[in-house]
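Step one of this worksheet: look at the structure below.
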Amino acid sequence: MENHIYGYIRVSTLAQHDDRQWLAMDEFGVSREFVFADKQSGKDFARPAYQKMLSRLSVGDTLVVKSLDRLGRDYNEMLEQWRIITKDKGAAIVVLDLPLLDTRERIAGDLTGILISDIVLQLFSYVAQTERDMNHQRTMEGIEAARARGVEFGRPPRQKPTDFEAVRTAWETGELSEREAARRLGVARSTFHKWTHE
């Protein structure tokens, strides 16, 4: 049975570009028909293209990814997927940005290569997770510090039109319904309601 080389590409959002990853696949020689691409967060592995690729992988095949974080973001889940691909499926993995994470030698039973790639995988997965956690923590601390300085986040509150008080009085006396009052002010009924209950 012929062994295949598959590629996996992932970007987190529809707005992000995956051009560099496609270029890396082309340069490595992965046929485009064997490249699977997701535009989805890496927080879990319930991604359609990833699952399809996983179902196609078999013993002796090779999976190519540009960087380790293309597989996913969660440390434990990433290690689990690595185990599924290399041990359960019997496929090799090549991480282009980390030449030490090229497990093609495992097929030949190179114990040193297996040991090195396992250690490197665990180390880089841990570092990637730690970096994400620290970035999140720094972001939260920055937001809190900004709030303490009086910085407000979100859209600024909408200013009431100059004729708000006159319309409000007409609404309070029953001359206008809430819907009509909102229409006259050019705002949503919920906005008018909020303004009258502040």
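Below, the figures for the structure above:
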| quantity | calculated |
| --- | --- |
| Test for A170: is it at pLDDT 85 or above and part of a helix (DSSP H, G or I) | yes |
| Pairs with Cβ under 6 Å, 6+ apart, first in the stretch 127-142 and part of a helix (DSSP H, G or I), second open to solvent by 70 Å² or more (accessible area, probe 1.4 Å) | none |
| Residues satisfying the stated conditions in the stretch 89-139, i.e. of a type in the set (A, V, I, L, M, F, W, C), touching a Leu at 6+ places or on another chain (Cβ under 8 Å), open to solvent by 50 Å² or more (accessible area, probe 1.4 Å) and modelled with pLDDT of 70 or more | F124 |
| For I9: the one exception among (1) under 16 Å from D118 (Cα atoms); (2) open to solvent by less than 50 Å² (accessible area, probe 1.4 Å) | (1) |
| G72 more than 19 Å from F124 (Cα to Cα), in a loop (DSSP other than H, G, I, E, B) and open to solvent by less than 30 Å² (accessible area, probe 1.4 Å) | no |
| Filter result (touching a residue at least 60 places away in the same chain (Cβ under 8 Å) and charged (D, E, K, R)) within the stretch 70-92 | R70 |
| Scope the stretch 175-189; condition outside any helix (DSSP H, G or I), without any contact (Cβ under 8 Å) to a residue 24 or more places away in the chain and of a type outside the set (S, T, Y); matching residues | E175, L176, A188 |
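The values are calculated or read from the model by the stated rules, or taken from the named source; none is laboratory data. Everything quoted here is computed from the prediction, not taken from an experiment. Glycine also receives a Cβ, built like all others from the backbone with ideal geometry; neighbour counts cover every protein chain displayed. When the accessible area is computed, the model is the full protein with side chains, heavy atoms only, and any ligands, DNA or RNA have been set aside. Shrake-Rupley method; radii C 1.70, N 1.55, O 1.52, S 1.80 Å.
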